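Below is one structure, written out as structure tokens, with a few remarks after it.
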Amino acid sequence: MSLIIQEGGLLTILQTVDKQTNSKQKNNEYNGAVDSLSPMLANKLVGNDVNEPTLEMSGQPAVIQFTEPTIIAYSGGDFNGRVSEEYIQPNRIYHVDRGDVLSFQGSTRGSRLYLAIAGGIAVEKSNVLQSGDEVTMRRNYTALHDEIFHMMSNKRKVSWGIGIYSLVEVYLSDIYHIVKRPDVPAEVYERLEEREYTVTREENRIQLSVEGQEIDFVGAACVSPGVLGGVYLENNLPTIALNDFDAETELTHIGTIPSYHMHKLGQKRRGSKIKFKAVDSDAAHAETYGHYLWVNSLFKAIDYKISKELVKEKM
Amino acid sequence: MIFANGDKIITYQEDASVIKNIKAQFDKDNLNIDNPHIGEVVFTKNTVSFYYDPVEVMENENTIEPAAYIIALVKPVLDSVSGRK
């Protein structure tokens, strides 16, 4: 036993960064994090492999008690947290002690957060966590973890974190690319781009529904694959598929949002705005590559900050 | 019809009977497509979708058009199974 879920929150789930198709745990779906950048950032901060599973908390986050000391970081929506009596912030490294209770206030931006624990975590039963459930620390510690533990042994936090300005480009724009299909008329995309849409609701991890300009188009009768980021027409309005969307659908598919815009989509909540921009796959791939380079440079910056902190500690 | 379904999937869409043939061939010999860049292959009644990592294709195959690379790989095979070559 290492973490106790005191209050389950709205939806707290142990989740992998990307979809796992060969999960050994029966009945547990690991369809990937809705915002897959945030768990990677949180993992990077605590010295984990970036693909280590994290706790994804949507809407109202859980209240969690620690039964042994560890290092934590959380990323994603702008939720202010509290460890016992001390306020904590996203994208920073914190040391928690045995008995500490982690809780969160509402978010000013974004709808979910990802909590990473140094050395990784696992569950024995369902990965959907409820009040009273226990999460085990895997304690898969590396030399880097040992150094981070040593660095944090006499302090609760480090003085730096990933500033919001570093993430603005990824999270703050309301424009979403949609990769066009060859069989959808140009007028459909023109109409889609004309006005903003407003998110009306998210079916937990399944789909985002929006209201706005109606699209009067019916594609050929077809059973399409339900793909992450797929934009389908339901009652003449776009519906966007999230990670737990059906494997197939008879809804008309009009295009797919590329992976580099799915992080910010995962943080949209009711009332958020969405503006579509139709692109072809070559333009999308140029952006995909640019995004990949940007993520790597961010990871390198975190490595540099941690190594600088370690050197400072040794002097 | 074959198209880029977002930035990580290539989807081939056809009549159910054509996809049924392709599925049968896939079950038999994986369509003889042996390429490290193609991951999961997912079927519906009317489609077959090939998942790939565009960055991996761009870096390893020295191309800025990873979708075109995957399409060039799978389309001849699909056309041949469906009798459309």
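Coordinate-derived values only; no laboratory data. Since the structure is predicted, the reported quantities are computational estimates derived from the model, not experimental observations. Note that we place each Cβ from the backbone using ideal geometry, even for glycine, and neighbour counts take in every protein chain shown.
Details
- Measure of compaction for region B:1-70 (Cα Rg per 2.2 N^0.38 Å): 1.13
- Modelled spin-label separation between A:THR136 and A:ASN235, with each label point placed 7 Å from Cα along the Cα-to-Cβ direction: 4.6 nm.
- Size of electric dipole in chain A: Cβ of Lys, Arg +1 and of Asp, Glu -1, about Cα centre, debye, nearest 20: 1080
- Computed from backbone phi with θ = phi - 60° and the Karplus coefficients 6.51, -1.76 and 1.60, the 3J(HN,Hα) list for region A:194-205 is 4, 10, 6, 10, 10, 5, 9, 6, 10, 7, 2, 6 Hz; x is used for glycine and proline.
- Within the straight-line cut-off of under 24 Å between alpha carbons, the lysines reachable from B:LYS28 are B:LYS20, B:LYS45, B:LYS75, B:LYS85, sequence neighbours fewer than 8 places apart in one chain being disregarded.
- Mean per-residue shielding of peptide A:221-229 is 6, counting Cβ atoms of other chains within 10 Å of each Cβ.
- Remark: region B:2-82 carries a charge dipole of roughly 400 debye about the Cα centre, counting +1 on each Lys and Arg Cβ and -1 on each Asp and Glu Cβ.
- Once backbone amide H atoms are built at 1.01 Å from N, A:LEU11 has A:SER58, A:GLN60 as its partners under 5 Å, excluding neighbours fewer than 5 places away on the same chain.
- In nm, spacing of pseudo-spin labels at A:ASN204 and A:ASP183 (7 Å Cα→C-beta vector): 3.5
- Average partner coverage of A:85-92, which counts Cβ from other chains inside 10 Å: 0
- Residue by residue, region B:75-82 carries 3J(HN,Hα) couplings of 4, x, 5, 5, 4, 5, 5, 7 Hz when phi is fed to the Karplus relation 6.51 cos²θ - 1.76 cosθ + 1.60 (θ = phi - 60°); x denotes Gly or Pro.
- Residues whose placed amide H lies under 5 Å from that of A:ILE257, excluding near-sequence neighbours: A:VAL179, A:GLY230, A:VAL231
- Over region A:173-279, equivalent-ellipsoid semi-axes from the Cα gyration tensor in Å: 18, 16, 13
- Distance between the modelled labels on A:TYR165 and A:ARG98, one decimal in nanometres: 4.3 nm (7 Å Cα→Cβ projection).
- Table column - 3J(HN,Hα) (Hz), region A:297-314, Karplus curve with 6.51, -1.76, 1.60, x for Gly and Pro: 5, 5, 4, 5, 5, 5, 4, 5, 4, 5, 5, 5, 5, 5, 5, 4, 5, 7
- Averaged over peptide A:281-294, the number of partner chain Cβ atoms lying within 10 Å of each residue's Cβ comes to 5.
- Tail beyond 17 Å, pair distance distribution of region A:1-128 (Cα, percent): 53
- Going from the fewest other Cβ atoms within 10 Å to the most, the residues A:LEU242, A:LEU293 appear in the order A:LEU293, A:LEU242.
- When peptides B:37-46, A:276-285, A:259-268 are ranked by their average number of other Cβ atoms within 10 Å per residue, the highest-first order is A:259-268, A:276-285, B:37-46.
- Partner aspartates and glutamates for A:LYS308 [C-alpha distance under 16 Å; skip if fewer than 8 residues away on the same chain]: A:ASP146, A:GLU147
- Cross-link pairs beyond the 21 Å C-alpha cut-off, checked among A:LYS155/A:LYS305; A:LYS180/A:LYS275; A:LYS19/A:LYS264; A:LYS44/A:LYS268: A:LYS44/A:LYS268
- For the protein assembly as shown, the Kirkwood hydrodynamic radius comes to 22.4 Å, computed from all pairs of different C-alpha atoms.
- Least to most buried among A:ASP35, B:ASP34 (fewest other Cβ within 10 Å first): B:ASP34, A:ASP35
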